[in-house]
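Asker: Have a look at this one before I ask anything.
The values are calculated or read from the model by the stated rules, or taken from the named source; none is laboratory data. Given the structure is predicted, the values throughout are model-derived calculations rather than measurements. Cβ placement follows ideal geometry from the backbone for every residue including glycine, while neighbour counts extend to all protein chains displayed. We work out accessible area using only protein heavy atoms, side chains counted, and drop any ligands, DNA or RNA first. Shrake-Rupley method; radii C 1.70, N 1.55, O 1.52, S 1.80 Å.
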Amino acid sequence: MHIAEGYLPPVHAAAWGVASAPFVVHGVRALTREVRANPESTLLLGASGAFTFVLSALKLPSVTGSCSHPTGTGLGAILFRPPIMAVLGTITLLFQALLLAHGGLTTLGANAFSMAIVGPWAGYGTYLLFRRFGAPLMVGVFFGAFVADLSTYCVTSVQLAVAFPDPGSGVAGSLAKFGGIFAVTQLPLAVSEGLLTVLVMRLLTQSSKGDLLRLGVLARPEPKRHEEAAA
């Protein structure tokens, strides 16, 4: 979930903003280098940002009666790496706060930390882990998107638990409460997002194969060795 405007205590909101700022600044530099070196990436960058904006703007009822939504950050993290996704995700959150009243400006740092920073890094790390152990591309994509989604909600649960500890059981009790609502009930949406991301990646392998080869998502075929004809 996006933490709503004014929901966090001011000190917490400021602290999460400070924690997020270095990642966003680094991401801006990475994004600038990418666009300058490969101007043809602009279209795919825009598509990755739009994918995140559309999915994370969807409010869906969870099994507990609360609201959850996908994040859409796994795709961009796999294509362009987490630093660039920190920028795209933060821009997405900013526009949603201004245009859709989804999230808020005072909680932008906290929401960016969970959805635009931790989610992409966790998802990308999972994707790399599966690929290094020889898993097919789409298996890595599925679990990368799945973990990016679910880790966002786990971090949000921690943020809320630290800000609002339970009077009796403290942060641990509050974490169990928020985690039960926002993390466990997010599992079906995380699975759905993983499947949708696989579908989008399959389309990209057909329509943007050159870009995927350049980005390292698809491996370049090794040149065939021609046997010399015997004299």
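Asker: Over 15 Å, how big is the tail of the calculated P(r) for the stretch 81-167, in percent of all Cα pairs?
Answerer: 62
Asker: Sort S192, S56 by heavy-atom solvent-accessible area, probe 1.4 angstrom, most to least.
Answerer: On the way: S192 65, S56 0 Å².
Most to least solvent-accessible, the answer reads S192, S56.
Asker: Among A77, A13, A116, which one moves the most in a GNM of the chain with springs linking Cα atoms closer than 10 Å?
Answerer: Between A77, A13, A116, it is A13 that shows the largest mean-square fluctuation.
Asker: Which whole-Hz ³J(HN,Hα) couplings does the stretch 12-17 yield from phi under the Karplus relation 6.51 cos²θ - 1.76 cosθ + 1.60, θ = phi - 60°, glycine and proline marked x?
Answerer: Along the stretch 12-17, the couplings run 5, 4, 5, 5, 5, x Hz.
Asker: Under 5 Å between amide H atoms, partner at least 5 residues away or on a different chain: which partners does L218 have, H built in plane at 1.01 Å?
Answerer: Residues meeting the criterion, in which the H sits 1.01 Å from N, are L213.
Asker: Rounded to two decimals, what is Rg over Rh for the stretch 119-207 when you use alpha-carbon atoms and the Kirkwood radius? Display every interim value, and only then the final one.
Answerer: Numbers: Rg = 15.9 Å, Rh = 14.0 Å.
Radius of gyration over Kirkwood radius for the stretch 119-207 works out to 1.13.
Asker: Follow-up. Provide the packing ranking of 21-29, 144-152, i.e. peptides ordered by the mean count of other C-beta atoms within 10 Å per residue, highest first.
Answerer: By packing density, highest mean first, the sequence is 144-152, 21-29.
Asker: Using amide H atoms built in the peptide plane, which far-off residues or other-chain residues are under 5 Å from T107 H to H?
Answerer: Long-range HN contacts for T107: G6.
Asker: Further, regarding this structure: Quick one: how many Å² of V158 are accessible to a 1.4 Å probe, rounded to 10?
Answerer: 70
Asker: Sticking with this structure for a sec: Would you kindly derive the ³J(HN,Hα) couplings of the stretch 132-149 from the backbone phi angles with the Karplus curve 6.51 cos²θ - 1.76 cosθ + 1.60 (θ = phi - 60°), listing them in order in whole Hz, with x for Gly and Pro?
Answerer: For the stretch 132-149, the Karplus curve yields 5, 8, x, 5, x, 3, 5, 5, x, 5, 4, 6, x, 5, 4, 6, 4, 5 Hz.
Asker: Let me ask another. Can you give me the accessible area per residue for the chain, using a 1.4 Å probe, in Å²?
Answerer: 50
Asker: Ok, one more. What is the pair-distance distribution P(r) of the stretch 1-109, computed from all Cα-Cα distances in 10 Å bins starting at 0, with each bin given as a whole percent?
Answerer: Computed distribution, short to long bins: 15, 41, 34, 10, 1.
Asker: Still on this structure: Rounded to whole Hz and in sequence order, give me ³J(HN,Hα) for the stretch 157-168 from the Karplus expression 6.51 cos²θ - 1.76 cosθ + 1.60, θ = phi - 60°, writing x for Gly and Pro.
Answerer: 4, 5, 4, 6, 5, 5, 6, 9, x, 5, x, x
Asker: Share of the stretch 1-147's accessible area from carbon and sulfur, percent, 1.4 Å?
Answerer: On the stretch 1-147, the fraction of accessible area on carbon and sulfur atoms equals 74 percent.
Asker: Another one. Show that you can apply the helix-only estimate: for the chain, add -39,500 (n - 2.57) for every DSSP H stretch of four or more residues, divide by all residues, and state [θ] at 222 nm to the nearest 500.
Answerer: Working: 10 runs with 155 residues, N = 231.
Roughly -22000 deg cm²/dmol at 222 nm, from the helical runs in the chain.
Asker: Right, here's the next one. Rounded if a/c is under 1.5, else prolate if a/b beats b/c, else oblate: with a ≥ b ≥ c from the C-alpha gyration tensor eigenvalues square-rooted, which is the chain?
Answerer: prolate
Asker: Here's a follow-up. Show the residues, 5+ positions off or on another chain, whose built amide H is closer than 5 Å to the amide H of S68.
Answerer: Correct list: L60, S62.
Asker: Sort 109-115, 194-200 by packing, meaning the average of other beta carbons within 10 Å per residue, with the highest value first.
Answerer: Listed from highest to lowest mean packing, they are 109-115, 194-200.
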